[in-house]
Amino acid sequence: MKYQENVSLASLTTMRLGGAARYVAEILGQDDLVTAVEFAREHDLPWFVLGGGSNVVARGDFNGVIILNRIKGFEKLDEDDVSATYKIGAGEIWDSVVERLVDAGLSGVEAMSAIPGYAGSTPIQNVGAYGQEIADTLVELEAYDTDSDEFVVLDHDECGFSYRNSIFKDPATRHHIITSMTLKLSKESPRPPFYPSLQKYLDDNNITDYTSINIRQAVIAIRADKLPDPAETASAGSFFKNPIVSRAVADKLLADFPDAPHWEMPEDKQKLAAGWLIDQAGLKSYSAHGMQIYPKNALVVTNLSAKSADDLEKFKSEVITRVQEKFSVTLEQEPESL
Ligand code: EPU
């Protein structure tokens, strides 16, 4: 396998920041994966697996091995009257997977259309959009366990999914490199209630035939309007997590700001909308240090001209402070830091 040396991390991540990666290895199969991990160990270097780099922000140089996971695969394993099960390689482009499954008349991932990146990245942060998350359809996944040095199969519950999190993201528990995942899709059409902004789009456009294809097209249109195209504008999608707070904190906020969007979560918690908080703090379109809050969606931070991760850190601190001052809620970064 070939290792490229001193590769710009800005070229590998959609936020287009960061210094140089010492080595980059593109892996096409399980053997390549094992070889790349051994190479890193022989050189006493850390490794980091990247898909499309759309949810990772590089801080500086990475003195280690970037493993670009390009392991392909798209195979129907099983089918009955109501469902079909597919095994999907981690290195497949996620939106092509969604397109193929929707074209096959299946539902379960159509609301996660037009999300940039690769399939194998979706379980890491339990990707979700418009009322669906990958945990809803994921039956099991295959991964290389870098603690035991063997390929393992983890079922849904072993992945520890929660809002934008899993055992693969949490630094305390991350020791797997995902190679494939198995999804169980439904043959039934998607059913309401749909996520409010999706339902509004359907109503506004007189769409009453709720097929997977129609939902996919609606989501593509909504996202095109609210999220920058990574090919044109540098960003990492949603830059902040929607904060999950105790009922007491939410009640206090709602007493002062009754319009604040909020959703019930397990364990009597409430999820707030980071985009709304940033917007109401007057930060939409706010620009400093070469970064900007995206004018069409306050949850997205774009890189207009910043050259270093320090610029992003300064900008991020300013946004967090302004929201904290106004709402006493502390925002947290959503993309992973490298
Ligand atoms: N809002 C504002 N101003 C804004 C942005 C949002 O007031 O500038 C309000 C909206 O009006 C709405 C609420 O905030 O009442 C929530 O906004 P929205 O429904 O657009 O979704 P979100 O919570 O901002 C989340 C995901 C997105 C996903 C959408 C749709 C996170 C961190 N983000 O955004 O995911 O596409 O829901 O399901 O959970 C991503 O992770 O990169 C991503 C784009």
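The values are calculated or read from the model by the stated rules, or taken from the named source; none is laboratory data. Since we're looking at a predicted model, the values are computed, not measured. So basically every Cβ, Gly included, is an ideal-geometry build from the backbone, and we count neighbours across all protein chains shown. Surface accessibility is based on the protein's heavy atoms, side chains included, excluding ligands, DNA and RNA. Shrake-Rupley method; radii C 1.70, N 1.55, O 1.52, S 1.80 Å.
A Cα-only calculation for the stretch 108-149 places Rg and Dmax at 11.9, 37 Å. For residue 284, a cut-off of 19 angstrom between C-alpha atoms picks up these lysines, skipping any fewer than 8 places away in its own chain: 226, 241, 296, 314, 316, 326.
Between residue 147 and residue 264, the contour length at 0.36 nm per residue exceeds the alpha carbon distance by 38.4 nm.
Scaled against the 2.2 N^0.38 Å expected of a compact globular protein of N residues, the Cα radius of gyration of the stretch 71-117 reads 1.12.
So for the stretch 289-330, what percent of the C-alpha to C-alpha distances run longer than 16 Å? Intermediate values should be presented prior to the final figure.
Working: 328 of 861 pairs.
Here the tail beyond 16 Å accounts for 38 percent of pairs.
May I ask you to order 274-283, 67-76, 223-232 by the average number of other C-beta atoms within 10 Å around their residues, highest value first?
274-283, 67-76, 223-232
Starting from one equal scatterer on each C-alpha and no solvent at all, send me the Debye-based log10 I(q)/I(0) for the stretch 79-167 at q = 0.15, 0.20, 0.26 Å⁻¹, two decimals. Result of the Debye calculation: -0.57, -1.00, -1.53.
Straight-line cross-link partners of residue 2 among the lysines, defined as a Cα under 19 Å from its Cα and at least 8 positions apart when in the same chain: 72. Peptides 4-11, 234-241, 308-315, 133-140, ordered by how many other C-beta atoms sit within 10 Å of their residues on average, highest first, read 234-241, 133-140, 308-315, 4-11.
Got a number for carbon plus sulfur as a percent of the chain's accessible area, 1.4 Å probe? Whole-percent figure for carbon plus sulfur exposure: 47.
In sequence order, the stretch 281-293 has phi-based couplings of 7, x, 9, 4, 6, 4, 9, 6, 6, x, 10, 8, 6 Hz under the Karplus curve 6.51 cos²θ - 1.76 cosθ + 1.60, θ = phi - 60°, and Gly or Pro positions carry x.
Quick check: residue separation of residue 314 and residue 2 times 0.36 nm, minus the Cα distance between them. What number comes out in nm?
Numbers: separation 312, 0.36 × 312 = 112.32 nm, distance 3.71 nm.
Taking 0.36 nm per residue and subtracting the Cα distance, the gain is 108.6 nm.
Kirkwood's formula applied to the C-alpha pairs of the chain gives a hydrodynamic radius of 21.1 angstrom. Entry for the stretch 259-338 at q = 0.19, 0.21, 0.24, 0.25 Å⁻¹: log10 I(q)/I(0) = -0.83, -0.98, -1.19, -1.26, Debye formula applied to identical alpha-carbon scatterers, no solvent contribution. Centroid-to-centroid, using Cα positions, the stretch 167-188 and the stretch 5-65 are 20 Å apart. Straight Cα distances below 15 angstrom link residue 200 to the aspartates and glutamates 209, 225, with same-chain residues fewer than 8 positions distant left out. Using the Cα gyration tensor of the stretch 199-338, with a ≥ b ≥ c the square roots of its eigenvalues, what is the shape: rounded (a/c below 1.5), prolate (a/b larger than b/c) or oblate (neither)? Taking the square roots of the gyration eigenvalues as a ≥ b ≥ c, the stretch 199-338 is oblate. The H on the amide N of residue 61, modeled in the peptide plane, is under 5 Å from the matching H of 19, 20, each at least 5 residues off or on a different chain.
For n ≥ 4 DSSP H runs only, could you compute -39500 (n - 2.57) per run for the chain, divide by its residues and tell me the 222 nm figure to the nearest 500?
Numbers: 7 runs with 83 residues, N = 338.
It comes out at -7500 deg cm²/dmol, rounded to the nearest 500.
Shape analysis of the stretch 1-117 yields a ratio of the Cα radius of gyration to the Kirkwood radius, Rg/Rh, of 1.07. Over the chain, accessible surface divided per residue gives 46 Å², non-protein components excluded, 1.4 Å probe.
Which order do the peptides 111-121, 326-336 come out in when sorted by mean C-beta neighbours inside 10 angstrom, highest first? Don't skip to the answer; put the middle values down first.
Numbers: 111-121: 24.3, 326-336: 17.4.
For the peptides 111-121, 326-336, the packing ranking is 111-121, 326-336.
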